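Trainee: Here it is, the structure in full.
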């Protein structure tokens with residue numbers, strides 16, 4: 001499977017992280033059982049996924065062939 | 001003072017405020033990245049590491065601590081409607097029930113449910129959290145649609161209330177405790193959980209109204 005371009009992946013990661021942050025904050029503003037469980041599980045799960053996407057981009061970037069004339 | 005609005009919860013909990021600050025910082029970076037669409041230079045990568053990694057992780061850690069603190073509060077226990085008679089009695093300044101008396105403690109009064117119903121020992125916190133998840137499961141799969149009157153006779157502890165919980169504060173070894181004749185004659189039984197501190201005739205039942213509701217149901221049922 002071919003992954004999208006780095007820029008696209010980072011944009012997806014950024015959107016996912018924003019969703020994760022909103023969910024994580026939901027539990028702080030609405031301290032009931034369900035919001036807290038959602039924020040600690042779904043919110044942090046999506047957040048982890050977005051960070052993994054960022055790491056994928058960084059790894060791909062590191063593996064990339066250096067441009068001609070590079071060291 | 002108990003939090004009364006969503007913002008009060010954040011203002012009164014430093015960890016919640018820290019979590020919110022990190023989340024806000026990360027959001028600013030992420031929105032900037034989405035709107036400006038900058039080239040992936042080294043500086044942008046470092047900034048994105050902050051926005052996607054460091055700051056959200058810090059926010060999540062602070063939110064975990066804040067949530068743990070919130071979940072220990074009596075107000076949180078009362079957020080499930082079937083628990084409101086219990087939390088209302090505990091908060092009632094005129095009540096002389098065991099929970100109400102303990103809820104007036106300046107040390108753990110606003111966390112009285114958690115203090116008396118959490119497991120102790122090495123894995124006590126984990127066991128308490130697992131039991132808490134079980135409560136949430138039962139609430140959303142059953143009790144949520146019941147009225148308080150319907151739920152009260154059905155609510156029960158998973159296992160008998162252990163005296164060890166009481167003995168976290170009442171050691172059963174001080175002279176004042178032993179001066180009570182009933183205590184002195186039952187010390188061994190109390191320490192071995194053969195006689196419950198919260199049994200009828202001693203200091204219980206702790207939540208009398210719930211036992212009365214169960215008795216009423218038993219009388220109605222054939």
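Every read-out reported here was derived from the displayed coordinates using simple, explicitly stated rules and does not represent laboratory data. Keep in mind the model is a prediction, meaning the values are calculated, not measured. Reconstructed Cβ throughout: ideal geometry from the backbone, glycine too, with neighbour counts over all protein chains shown.
Trainee: Residues in the stretch B:70-79: is at least one surrounded by fewer than 21 Cβ atoms within 10 Å (Cβ to Cβ) and out of contact with any helix residue (DSSP H, G or I) (no Cβ under 9 Å at 6 or more places or on another chain)?
Mentor: Looking through the stretch B:70-79, none of the residues is surrounded by fewer than 21 Cβ atoms within 10 Å (Cβ to Cβ) and out of contact with any helix residue (DSSP H, G or I) (no Cβ under 9 Å at 6 or more places or on another chain).
Trainee: Against the definition (free of Cβ contacts under 8 Å to residues at least 60 places away in the same chain and within 20 Å of residue B:23 (Cα to Cα)), how does residue A:4 come out, yes or no? Step through it out loud before you land on a result.
Mentor: On the way: free of Cβ contacts under 8 Å to residues at least 60 places away in the same chain: yes; within 20 Å of residue B:23 (Cα to Cα): no.
Spelling it out, it is not the case that residue A:4 is free of Cβ contacts under 8 Å to residues at least 60 places away in the same chain and within 20 Å of residue B:23 (Cα to Cα).
Trainee: Just checking, does the stretch A:48-59 include any residue being assigned to a helix (DSSP H, G or I) and away from chain B (no Cβ under 11 Å)? Steps first, please.
Mentor: Looking only at the stretch A:48-59, we keep the residues that are assigned to a helix (DSSP H, G or I), and these are A:48-59.
Adding the requirement that they be away from chain B (no Cβ under 11 Å) leaves A:56, A:59.
So far as the stretch A:48-59 goes, yes, one or more of its residues are assigned to a helix (DSSP H, G or I) and away from chain B (no Cβ under 11 Å).
Trainee: Can you tell me which residue in the stretch B:183-213 is nearest to residue B:147 (Cα to Cα), limited to those that are assigned to a helix (DSSP H, G or I) and under 23 Å from the mean Cα position of the chain (by Cα)? Lay out the reasoning, then the answer.
Mentor: From the stretch B:183-213, those assigned to a helix (DSSP H, G or I) are B:183-191, B:208-213; that's our starting set.
If we keep only those that are under 23 Å from the mean Cα position of the chain (by Cα) too, we end up with B:208-211.
Details: B:208: 19, B:209: 15, B:210: 14, B:211: 17 Å.
Filtering the stretch B:183-213 for residues that are assigned to a helix (DSSP H, G or I) and under 23 Å from the mean Cα position of the chain (by Cα), the one nearest to residue B:147 (Cα to Cα) comes out as B:210.
Trainee: In the stretch B:90-104, is there at least one residue being part of a helix (DSSP H, G or I), within 11 Å of chain A (Cβ to nearest Cβ) and surrounded by 13 or more Cβ atoms within 10 Å (Cβ to Cβ)? Explain how you work it out, then say what you get.
Mentor: Within the stretch B:90-104, the first condition is being part of a helix (DSSP H, G or I), and the residues that meet it are B:90-91, B:98-103.
Next cut, within 11 Å of chain A (Cβ to nearest Cβ) only: none.
No, because not a single residue in the stretch B:90-104 is part of a helix (DSSP H, G or I), within 11 Å of chain A (Cβ to nearest Cβ) and surrounded by 13 or more Cβ atoms within 10 Å (Cβ to Cβ).
Trainee: Quick one: count up the residues across the stretch B:20-40 that are within 7 Å of chain A (Cβ to nearest Cβ) and assigned to a helix (DSSP H, G or I). If you could, list the steps in order and put the result at the bottom.
Mentor: Going through the stretch B:20-40, the residues within 7 Å of chain A (Cβ to nearest Cβ) turn out to be B:20, B:23, B:26-27, B:30, B:33-34, B:40.
Right, trim to assigned to a helix (DSSP H, G or I) and you get B:20, B:23, B:26-27, B:30, B:33-34.
Adding up the residues that qualify gives 7.
Trainee: Sort out which residues of the stretch A:20-43 are within 19 Å of the chain's Cα centre (by Cα) and surrounded by 15 or more Cβ atoms within 10 Å (Cβ to Cβ), and write them in order of number. It would help to see each step written out before you state the result.
Mentor: Kept after step one, since they are within 19 Å of the chain's Cα centre (by Cα), are these residues of the stretch A:20-43: A:20-26, A:38-43.
Within the stretch A:20-43, A:20, A:21, A:23, A:24, A:25, A:26, A:38, A:39, A:40, A:42, A:43 qualify.
Trainee: While we're here: Quick one: residue B:146 ticks every box in (1) free of Cβ contacts under 8 Å to residues at least 40 places away in the same chain; (2) over 24 Å from residue B:98 (Cβ atoms) except a single one, so which number is it?
Mentor: Among (1) free of Cβ contacts under 8 Å to residues at least 40 places away in the same chain; (2) over 24 Å from residue B:98 (Cβ atoms), residue B:146 violates only (1).
Trainee: Assuming residue B:56 fulfils every condition listed in (1) more than 20 Å from the chain's Cα centre (by Cα); (2) facing another protein chain (nearest Cβ under 7 Å); (3) in a helix (DSSP H, G or I); (4) surrounded by fewer than 20 Cβ atoms within 10 Å (Cβ to Cβ) apart from one, which condition is it?
Mentor: (4)
Trainee: Give the number of residues within the stretch A:20-37 that are in contact with a helix residue (DSSP H, G or I) (Cβ under 6 Å, 6 or more places away or on another chain) and in a helix (DSSP H, G or I).
Mentor: So the count comes out to 12.
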